[in-house]
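A quick write-up on the structure given underneath.
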Amino acid sequence: TQISKNLTGKGNALVLEGAPTNFNIANQIVSSLQGMPMVPPDITTRMKARNPKLFAENKTVFQNLSSKFQIANGRIITPDLKLGTAEFALSGDGWFSLDKEMNLNSVLTINQKMANDLIAEVPMVKYIVSSDGRIDVPLTLTGGVLKPAVKVDAAAMTAKFQKAMISQGQKQVEDQVKSGVKGLLDN
C-alpha cells in the first residue's frame, strides 16, 4: 500500500507460454458480441461448437506475452502490451494497479480460421476482414486482473461496418458505371 505507491521503475517483460487461470478471453469476447445487431443470439454456443479446444478450459493459454512497462503511483503502465495465442493476438496499452485492477484499451486480431468461422455465423463480418484474412476487434479489458470484464467497442465496430458498407456500395456503383460505359463503347 504505502510501498506500492512509492515504488517506481521501468523495464521490459517477456513471458513464454503461460495461462491466466479462471479467465477465458475467447469466451468473454464472443459472449460480449451477443446482443449486437445481426449477431445470432446463440453465437457463443455456435463458436464453441466450431472451436471446442479454444473454449474448453477456463483459462487463456498463450505462447508469448511481452511489454515495456513503467511502475509509478501504484500502477504498472504498459504502452505496448502484446499477447499471442494460436487463434488470436492482443495488443494494447493501459495499466495494471498493484491492487490487482486493470484498464487496457486493445485490439484483438483474430486469425484467418477463426475469422472464417465467425463469417459463417455472422455473414456481415466479411466486410471487415483485412487483406490478409484477419479481423481486428477493438476492445477494453477493465476491472479485476483475475477476472476482467471484456467489452467490444461497439461504436468502433459500427463505424468499421459503415465504412466497409460505403466502400462496398461505391465499388458496386463504379463497376456498374464501367460496365455501362463499356457497353456504350462496344455499341
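The values are calculated or read from the model by the stated rules, or taken from the named source; none is laboratory data. In this text, all values refer to a predicted model and were calculated from it rather than measured experimentally. Here Cβ is always computed from backbone atoms with ideal geometry, including for glycine, and neighbour counts include all displayed protein chains. The accessibility values were calculated without ligands, DNA or RNA, using every heavy atom of the protein model including side chains. Shrake-Rupley method; radii C 1.70, N 1.55, O 1.52, S 1.80 Å.
Is the stretch 93-144 best put as rounded, prolate or oblate by its Cα gyration tensor, with a ≥ b ≥ c the root eigenvalues, rounded for a/c under 1.5, and otherwise prolate when a/b is larger than b/c, oblate when not? Spell out each step's value before the answer.
Details: a/c = 3.63, a/b = 2.89, b/c = 1.26.
Prolate, because a/c is 1.5 or more and a/b exceeds b/c.
Note down the relative contact order for the chain as a percent, whole number, built from C-alpha pairs under 8 angstrom at least six residues apart. Intermediate values should be presented prior to the final figure.
Working: 333 pairs, mean separation 34.8, N = 187.
After rounding, I find 19 percent.
Cross-link list LYS126/LYS160; LYS68/LYS160; LYS10/LYS82; LYS53/LYS100: which exceed 19 angstrom alpha carbon to alpha carbon? Working shown, then result.
Working: LYS126/LYS160 12 Å; LYS68/LYS160 29 Å; LYS10/LYS82 17 Å; LYS53/LYS100 29 Å.
Violating the 19 Å limit, Cα to Cα: LYS68/LYS160; LYS53/LYS100.
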Accessible surface of the chain, 1.4 Å probe, proportion on carbon and sulfur as whole %: 56 percent
Unit charges on C-beta of K, R, D, E only; dipole of the chain, Debye: 200 debye
Leading residue at positive end of dipole, the chain (Cβ point charges), from PRO20, ALA156, VAL137: PRO20
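Shape call for the stretch 25-73 from the C-alpha gyration tensor, a ≥ b ≥ c root eigenvalues: rounded (a/c under 1.5), prolate (a/b greater than b/c) or oblate? The partial results should precede the final answer.
Details: a/c = 3.69, a/b = 1.76, b/c = 2.10.
Note, shape of the stretch 25-73 comes out oblate.
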Contact order normalised by residue count of the stretch 45-148, Cα under 8 Å, 6+ apart, percent: 21 percent
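Could you state the accessible area per residue of the stretch 6-144 in Å², with a 1.4 Å probe and every protein chain left in place? The partial results should precede the final answer.
Numbers: 7480 Å² over 139 residues.
So the stretch 6-144 comes to 54 Å² accessible per residue, rounded to a whole number.
To the nearest 500 deg cm²/dmol, what mean residue ellipticity at 222 nm is calculated for the chain from DSSP H runs of n ≥ 4 alone, each contributing -39,500 (n - 2.57), summed and divided by the residues? Display every interim value, and only then the final one.
Numbers: 6 runs with 70 residues, N = 187.
Helices in the chain give a 222 nm mean residue ellipticity of -11500 deg cm²/dmol.
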Whether the chain is rounded, prolate or oblate, judged on the alpha carbon gyration tensor where a/c under 1.5 counts as rounded: prolate
